[in-house]
1. What is the extension gain from Leu28 to Ala155, computed as 0.36 nm multiplied by their sequence separation minus the C-alpha to C-alpha distance, in nm to one decimal?
2. Indicate the helices, whole DSSP H runs only, in the chain that combine a mean Kyte-Doolittle hydropathy of -1.0 or more with a Cα extent along their long axis of 20 angstrom or more.
3. To the nearest whole percent, what portion of all C-alpha pairs in the range 159-306 is separated by more than 26 angstrom?
4. For the range 33-122, what is the Kirkwood estimate of the hydrodynamic radius, computed as the reciprocal of the mean inverse distance between distinct Cα atoms, to one decimal in Å?
5. Please find the FRET efficiency linking Leu148 to Arg293, where r is the Cβ-Cβ separation and R0 is fixed at 30 Å, and quote it to the nearest 0.05.
6. Mean shadow of the chain, computed from the convex hull of its alpha carbons, in nm²?
7. Could you identify which residue out of Thr108, Thr269, Thr41 has the top mean-square fluctuation in a GNM of the chain using Cα springs shorter than 10 Å?
8. Using only alpha carbon pairs under 8 Å that are at least six residues apart, calculate the relative contact order of the chain and give it in whole percent.
Amino acid sequence: MTPTSAKPSDRAGLRVPGAGPPNRLALLAAFFAIYVVWGSTYLAIRYAVETIPPLIVAGTRHIIAGVVLLGWACARGYRPALREWRACMLLGILYFVIGHGSLHWAETVVPSGWAALLIASEPIWIAVLAAVVSHGERLTGKTMIGLLLGIIGVALLVGEETASGQRTVVIGSIAILIGTLAWSVGVIYSRTSSLPRNALARAGMPEIIGSLILLPISGLTGEFTRLHVATVSTRSAFSLLYLIVFGSIITFSAYTWLLDHVSPTLVSTHTYVNPVIAVLLGWLWASEIINLRVLEAGLLTLLAVFLISRGTGKVAREIAEEAEVG
């Protein structure tokens, strides 16, 4: 999961007048960023929280990335208004306090590939919420089948752990699903709120607000007392740096640039690729298990997302295409 995207009207304002077709190499690099780099952030989170408390990781990642993105926007002439800060407050809580806070904490007990598969259910939540809040939307047959397959996929993924009494994994999985629901609510909210029209500020401001809540919470829960710089591993330190530079700043910039040059539908295909990358990297570098159950759950989840993307109406489809799931 990553900061909210710009609306179509906002993206048009980012285009450079008279600019020609995008360079093919630039397109490949941008898609690599939203496919592979975003997919790799789940493993980077797992490595970062090995020796750094999870809420400190999330708070530090987003305060730095948010300041950089907002600073970049201000350097280009943007000035945030008070009403925009107020609108970003709820988004910061939904996206980064609940959404990413729960993800970073859960990855202390849940495998990174597993976490990615659970988060891949976000379009399912969005489709249901869009049908509830939009009078012109309804749950079609494809959407209902996709919803059912998504539920089966999640149940298949966590069912064995529930039956065997592995409470920490089950609780971590539930936390990720709650965070995914919160992120989906934020996506719906972002469609009608007074968020910044500038895409960089639209991403950076909620990150700043979320991190300013996450860091005090980490202090209240005793994370700062448990943090000892001498015990932070090189792998955790570099993973945190990777999350800041590549997982937040570069990938968001690539995502925004792609939305300005290619179809949102094509850009939204990262929803299918990210969990595949995450599962493969977790297996390759962290010895996470890929068994038949994980493969079946993954395929059911991706099939559910595909059916929902084809079965929803125009409003829900636009929302899902503009939502960033990384």
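1. Full extension from Leu28 to Ala155 adds 42.1 nm.
2. Working: long enough: 54-75 (31 Å, 1.60); 141-163 (31 Å, 1.40); 167-190 (34 Å, 1.62); 199-220 (33 Å, 1.38); 270-286 (22 Å, 1.15); 292-311 (28 Å, 1.56).
Counting only whole DSSP H runs, the qualifying helices are 54-75, 141-163, 167-190, 199-220, 270-286, 292-311.
3. Numbers: 4783 of 10878 pairs.
Distances greater than 26 Å cover 44 percent of the Cα pairs.
4. Numbers: mean 1/r = 0.0688 Å⁻¹.
Value: 14.5 Å, from the Cα pair sum.
5. Values: r = 18 Å, r/R0 = 0.61.
Taking R0 as 30 Å, the efficiency between Leu148 and Arg293 is 0.95.
6. Values: hull surface 67.6 nm².
If you wrap the Cα atoms of the chain in a convex hull and average its projections, you get 16.9 nm².
7. Of Thr108, Thr269, Thr41, the most mobile in the Gaussian network model is Thr269.
8. 43 percent.
Read-outs: derived from the displayed coordinates by stated rules, not from any lab. Remember, predicted model here, so these are calculated numbers, not experimental data. In this analysis, Cβ positions are derived from the backbone assuming ideal geometry, glycine residues included, and neighbour counts consider all displayed protein chains.
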